[in-house]
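Since every read-out is calculated from the coordinates, none of them should be taken as a lab result. Computed from a predicted structure; not experimentally measured. Don't worry about glycine lacking a Cβ; one is built from the backbone with ideal geometry, like all the others, and counts go over all protein chains shown.
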Amino acid sequence: MIACSKPGEVDTGQNFDRKAMLQQYADNLIRPAYADLQAKVNVLNTAAATFSGSPTAANLTALQTAWTEAYTAWQFANAYNFGPAGEEGVRKGLIEEVGTFPTSTAKVEATITTNNANFNDFNRDARGLPAVEYLIFSPQGNNTQIVTSFQSASRRNFLTAATADIKKRVDEVVTGWSTYSGNFVNRNGTDAGSATSELYNEFIRSYEAIKNFKIALPLGKRPGQTAAEPTRAEGYYSSQSLTFIKAHLTAIENIWYGRARDGKDGVGFKEYLENVEGGQALVASAEAQLGNVRKALNALPENVPLSQQIQTNPAAVENVLNEFQKLTRFFKSDMSSLLGIAITFASGDGD
């Protein structure tokens, strides 16, 4: 039912049960996403230790598979950078600590040379899942060369230290959510600092990360860029950029619908908007544009690396970017206005 507002006021859904919505997110999306990530990271950490102890082609393949599964799981957890995954002291949000890309290969190689990895410094582009990807994948698929490179003890040390650091950080977040969940559900206002605001802002920030960094950056469309930079694509070394973009977009859709990864539907931002004056029209517009985004994305062949398509078919990639940009208005400007939730992060997006 649409909640009623006083004459002359915009109804921002004050009668909507936000607490139930937040409970749904905590129980069926956030905690399961982190639990799955933890399980996949544990496998990755074990596979890294096995490969380090015996750098063979078979062990490398197992490690690459474990990394791919962990990084896919990461796509479904990277929008929840608050609470246990938020900033604290010199620590940044989990997404920056374990998911910063493009990796600075120069920093990684310099650290390997000194054999003195420090994963608590400010070099967030030299650790985390993308740094591990750089170590264990070759864009040319040359696994023999990778195995040979791990004859270096310092390279093996960096790999195992990097995966152990990822595991440590993810474990801390999972443990934190076991007690933070109640706090999250009870802060059900819409003011800055409320759980509703945190979730909404991270939803937008995660969506914009696809558009701005996973597509616009390698395409050369970010401020200050004068040409395409295909090697700056997420998943460049594993040649799985499009796979991860699609998984990330599915995660965004799940937040919109309040839908668990197993497909079970619940109360989400969509239902929240449907209880707000003007919200039903926004839902219709946003979902139509979501369809356009998917159509444009699916037009790119997944078996051809995004870095290659940027060079051979840039118009098709730019069309994907344009469709993402059209959706920004509905998710960011219109949704913020109708729900009365302020954007609290600086996106520098210019929309």
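With labels modelled as points extended 7 Å from the Cα through the Cβ direction, what inter-label distance (nm, one decimal) is found for D121 paired with A57?
Placing both labels 7 Å along Cα→Cβ, they lie 3.6 nm apart.
For G220, what residues show an amide H to amide H distance below 5 Å, using hydrogens built from the backbone and excluding near sequence neighbours?
Amide H to amide H, under 5 Å and 5 or more residues apart or across chains, G220 pairs with E229.
Which of A251, A228, A70 moves most in a GNM of the chain, Cα contacts under 10 Å?
A228
Over the alpha-carbon set of region 223-351, work out the extent along each principal axis and list the three values in angstrom, largest first.
Dimensions of region 223-351 along the principal axes of its Cα atoms: 46, 36, 23 Å.
About its Cα centre, what dipole magnitude does region 197-295 give when the only charges are +1 on Lys and Arg Cβ and -1 on Asp and Glu Cβ, stated in debye to the nearest 20? Present the calculation step by step, with values, prior to reporting the outcome.
Numbers: 13 positive and 12 negative charges, 104 e Å.
In debye, rounded to 20, region 197-295 gives about 500.
Over the chain, with a Gaussian network built from C-alpha contacts below 10 Å, which listed residue (T231, T56, T148) shows the highest mean-square fluctuation?
T148
Just to confirm the number: angle between the C-alpha axis of helix 314-328 and the first principal axis of the chain, 0 to 90 degrees, nearest 10?
Long axis of 314-328 versus the principal axis of the chain: about 40 degrees.
Which listed residue (N118, A77, L63) has the Cα farthest towards the positive end of the charge dipole for region 52-199, taking +1 on Lys and Arg C-beta and -1 on Asp and Glu C-beta about the Cα centre?
L63
Over region 78-216, calculate the relative contact order: mean separation of alpha carbon pairs under 8 Å at least 6 apart, over the residue count, as a percent. Don't jump to the answer; show the numbers that get you there.
Values: 126 pairs, mean separation 37.8, N = 139.
Relative contact order of region 78-216: 27 percent.
Enumerate the aspartates and glutamates that K107 could reach by cross-link, defined here as Cα to Cα under 14 Å, with residues fewer than 8 away along the same chain left out.
Candidates past the 8-residue exclusion: D121, D125.
Considering only N183, N157, Y134, whose Cα is most displaced toward the positive end of the charge dipole of region 123-183, charges sitting on Cβ of Lys, Arg (+1) and Asp, Glu (-1)?
Value: N157.
Using just the helices of the chain, give the 222 nm mean residue ellipticity in deg cm²/dmol: DSSP H runs with n ≥ 4 each add -39,500 (n - 2.57), and the total is spread over all residues, rounded to 500.
Working: 15 runs with 201 residues, N = 351.
Dividing the helical sum by the residues of the chain leaves -18500 deg cm²/dmol.
If contacts are Cα pairs under 8 angstrom and at least 6 residues apart, what is the relative contact order of region 251-351 in percent? Walk me through the intermediate numbers first.
Working: 72 pairs, mean separation 23.2, N = 101.
About 23 percent, as a whole number.
Return the ratio Rg/(2.2 N^0.38 Å) for region 113-239, where Rg is computed over Cα atoms only. Spell out each step's value before the answer.
Numbers: Rg = 19.0 Å, N = 127, 2.2 N^0.38 = 13.9 Å.
In units of the globular-protein estimate, region 113-239 measures up at 1.37.
Can you compute the charge dipole magnitude of region 93-154 about its Cα centre, using +1 on each Lys and Arg Cβ and -1 on each Asp and Glu Cβ, nothing else charged? Give it in debye, rounded to the nearest 20. Show your work: numbers first, answer last.
Numbers: 3 positive and 6 negative charges, 22 e Å.
Charge dipole, region 93-154, about its Cα centre: 100 debye, nearest 20.
Against the longest alpha carbon principal axis of the chain, how many degrees, from 0 to 90 and to the nearest 10, is the axis of helix 279-298 turned?
30 degrees
Cα-Cα over 23 Å: which of K211/K332; K214/K295; K40/K221?
Working: K211/K332 13 Å; K214/K295 17 Å; K40/K221 33 Å.
As for pairs spanning more than 23 Å Cα to Cα, those are K40/K221.
In a solvent-free Debye calculation with one equal scatterer on each Cα, what is log10 I(q)/I(0) for region 23-93 at q = 0.13, 0.14, 0.21, 0.24 Å⁻¹, listed in the order of the q values?
For the requested q values the scattering log ratios are -0.48, -0.54, -0.87, -0.97.
Under a point-charge model restricted to the Cβ atoms of Lys and Arg (+1) and Asp and Glu (-1), what is the dipole moment magnitude of region 32-103 relative to its Cα centre, in debye to the nearest 20? Write out the running numbers ahead of the final one.
Details: 3 positive and 6 negative charges, 27 e Å.
The dipole of region 32-103 has a size of about 140 debye.
Considering only V43, Y25, V108, whose Cα is most displaced toward the positive end of the charge dipole of the chain, charges sitting on Cβ of Lys, Arg (+1) and Asp, Glu (-1)?
Among V43, Y25, V108, the one farthest towards the positive end of the dipole of the chain is V108.
In whole Hz, with x marking every Gly and Pro, tabulate ³J(HN,Hα) for region 130-136 from phi via Karplus 6.51 cos²θ - 1.76 cosθ + 1.60, θ = phi - 60°.
So the J values, rounded to whole Hz, are x, 5, 5, 4, 4, 5, 10.
When averaged across all projection directions, what area in nm² does the alpha-carbon convex hull of region 175-260 cover? Let's see the in-between values first.
Working: hull surface 31.0 nm².
Mean orientational projected area (region 175-260, Cα hull): 7.8 nm².
Report, ordered by chain and residue number, the aspartates and glutamates lying within cross-link reach of K270, taken as a straight Cα distance under 14 Å and ignoring same-chain residues fewer than 8 apart.
By straight Cα distance, K270 reaches D17, E253, E287, D334.
Quick one: check the C-alpha center-to-center distance for region 329-344 versus region 183-236, whole angstrom.
A separation of 15 Å, based on Cα centres.
Find the relative contact order for the chain and round it to a whole percent, using C-alpha pairs within less than 8 Å whose residues are 6+ positions apart. Let's see the in-between values first.
Details: 469 pairs, mean separation 79.5, N = 351.
Relative contact order for the chain comes out at 23 percent.
Give me the one-decimal Kirkwood hydrodynamic radius in Å for region 268-331, with the sum taken over alpha-carbon pairs.
On the way: mean 1/r = 0.0765 Å⁻¹.
In region 268-331 this quantity evaluates to 13.1 Å.
Where in region 249-351 are there chymotrypsin sites (Phe, Trp or Tyr not before Pro) that are in a DSSP coil and have at most 15 other Cβ atoms within 10 angstrom of their Cβ?
Counting only loop positions with at most 15 other Cβ atoms within 10 Å, the chymotrypsin sites (Phe, Trp or Tyr not before Pro) in region 249-351 are F345.
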